[in-house]
1. Based on C-alpha coordinates, I'd like the Rg and Dmax of the stretch 115-256, in Å.
2. Determine ³J(HN,Hα), in whole Hz, for all residues of the stretch 50-62 in sequence, where each value follows from phi through the Karplus function 6.51 cos²θ - 1.76 cosθ + 1.60 and θ = phi - 60°; x replaces Gly and Pro.
3. Have a look at G295, Q276, T72 and report the one farthest towards the positive end of the charge dipole of the chain, computed about the Cα centre with Cβ charges (Lys/Arg +1, Asp/Glu -1).
4. Just want to confirm a number: the relative contact order over the stretch 115-256, from Cα pairs under 8 angstrom separated by 6+ residues, in percent.
5. Please work out the ratio of the alpha-carbon Rg of the chain to 2.2 N^0.38 Å and round it to two decimals.
6. List the pairs from K212/K306; K125/K343; K274/K303; K274/K380; K303/K373; K306/K352 whose alpha-carbon separation is above 27 Å, in the order I gave them.
7. In debye, nearest 20: dipole of the stretch 115-256 around its Cα centre with unit charges on the Cβ of K, R (+) and D, E (-)?
8. Where both residues lie in the stretch 115-256, what percent of DSSP beta bridges are antiparallel, nearest 5?
Amino acid sequence: MGHHIVILGGSYGGIAAMRRLSKHPEIQITLIDQHPYHFLQTEGYELISSNTSFDETIVSLPALCANYDNVTFKHRTVRAIDPKKKVILLNDGEESYDILVIAVGSVTKRFDCDETVYNYSSGAKSLRGAVKLNQFFQHELYKRLESDKKAKENFNIIIGGAGLSGVEIAAGMQYFFNRYYRSNALSCATLHIHLIASRETILNGMHPKIIKVATQRLKKLRVKVHTECRISAIENHEVLLTNDSRIPFDFMIFAGGTTTAPCLEDLNVEKNQKGQILVTPYLYSTSYHEIFAIGDNAALIDKKGKPLPPTAQTAIQSGEYAASNIIRTLKNRPLKKADMKIKGIAIALGGKYAAIDLGHIRFYGYTAYLIKKLIERLYKWPLWWLVSKGFRKIETCPI
Ligand SMILES: Cc1cc2nc3c(=O)[nH]c(=O)nc-3n(C[C@H](O)[C@H](O)[C@H](O)COP(=O)(O)OP(=O)(O)OC[C@H]3O[C@@H](n4cnc5c(N)ncnc54)[C@H](O)[C@@H]3O)c2cc1C
């Protein structure tokens, strides 16, 4: 039997690594994920704002993996990794590996507050979180239609963090509310979205033109943006901001940062302050040569040594580089330095409106929206095609 490579996490990074490794029939690959699907986080804002159904935002992992004779998919949860024994502890048994690829992403950071508030907070990084948010808002709108009293009550949603995901969620949701407002002004006038930005602008670090366009768009949609303040405390149903203001809230979404996936917390490898695994320029861990880390759970840097932001595009590129270096390791060939690049940033700004920054050119509005949709489709359509092929293969297999 050939080498056994285990990939933890079947999302942007893990799938990219799996597809490249699968071209080598001498290698046995096991892909493990806690869900039987890859959730397209980059389209989560569409789901939250009711612009799409959840089946449009997923890729079936068993069907995808059925296309490759040397790939086995295991729907399991990783509990811990024992790098000395080269074993992964799962919710149901263990899995040993020769080479490990860690691609479990990150989780939304939670605000350190009263347990009861957790009932009102949710992240958009998982399908469950996005569906929960969407259902909650649909239900709130429905209650307002049914009851005059309810419709007159203020309903405040706080989004903590005004980076790319916070802005996309705020714009998408406000657009969704505005749509209802047009058809039922009476029941929706008291719904408000507050976006909390710790810096002096939203989308800190992005090009000034993109910041300007996004700020104007949020204003037009009627999102209430609070800049240069942080959430300092949460008391019952009120957030206290560092500028001493208080906002009563009914629902909160944290988009202010991410942290280590729980299964990596006890993994004894070198990590940075955010809990990301430190990797060499070849993408294996600085602590273990046979452990590669890619995507959001890795401290990725560009060729100049500058940290790369956690994005789907860097997750995909790092997955491909790691797979190539695994093949080189197995063939005793010299490894190649990874060279991940941010090719551009596309931000959805509610409805059919987006802003795109390709570095040398920036544009926004409906054209940018169409290009964003095209980018999303160019990623998911080839995967869906493989999934439909894989389903046919599974269906014709005798049970
Ligand atoms: C709202 C939003 C919008 C975004 N928009 C963009 C965008 O426009 N462009 C862009 O490039 N990036 C965008 N991003 C960022 C991008 O989605 C992430 O950087 C990307 O998903 C990282 O991919 P990954 O493969 O590293 O990890 P993830 O996509 O987080 O996947 C991790 C996988 O590991 C699995 N896993 C985790 N823990 C376990 C466990 N214990 N056991 C088994 N399996 C486990 C999960 O189920 C999941 O399938 C956005 C993110 C958000 C939240």
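Every read-out reported here was derived from the displayed coordinates using simple, explicitly stated rules and does not represent laboratory data. The model shown is predicted, which means the values in this text are computed figures rather than measured ones. Note that we place each Cβ from the backbone using ideal geometry, even for glycine, and neighbour counts take in every protein chain shown.
1. Cα radius of gyration and Dmax of the stretch 115-256 are 14.8, 45 Å respectively.
2. 6, 8, 8, 9, 5, 5, 7, 10, 10, 10, 5, 6, x
3. Highest projection toward the positive end goes to G295.
4. Numbers: 223 pairs, mean separation 44.7, N = 142.
So the answer I get is 32 percent.
5. Details: Rg = 22.1 Å, N = 399, 2.2 N^0.38 = 21.4 Å.
Normalised by 2.2 N^0.38 Å, the Cα Rg of the chain equals 1.03.
6. On the way: K212/K306 25 Å; K125/K343 22 Å; K274/K303 21 Å; K274/K380 29 Å; K303/K373 29 Å; K306/K352 34 Å.
Where the Cα-Cα span goes over 27 Å, the pairs concerned are K274/K380; K303/K373; K306/K352.
7. Values: 20 positive and 12 negative charges, 135 e Å.
Once rounded to the nearest 20, the dipole reads 640 debye.
8. Values: 7 of 21 bridges.
If I count the DSSP bridges inside the stretch 115-256, around 35 percent turn out antiparallel.
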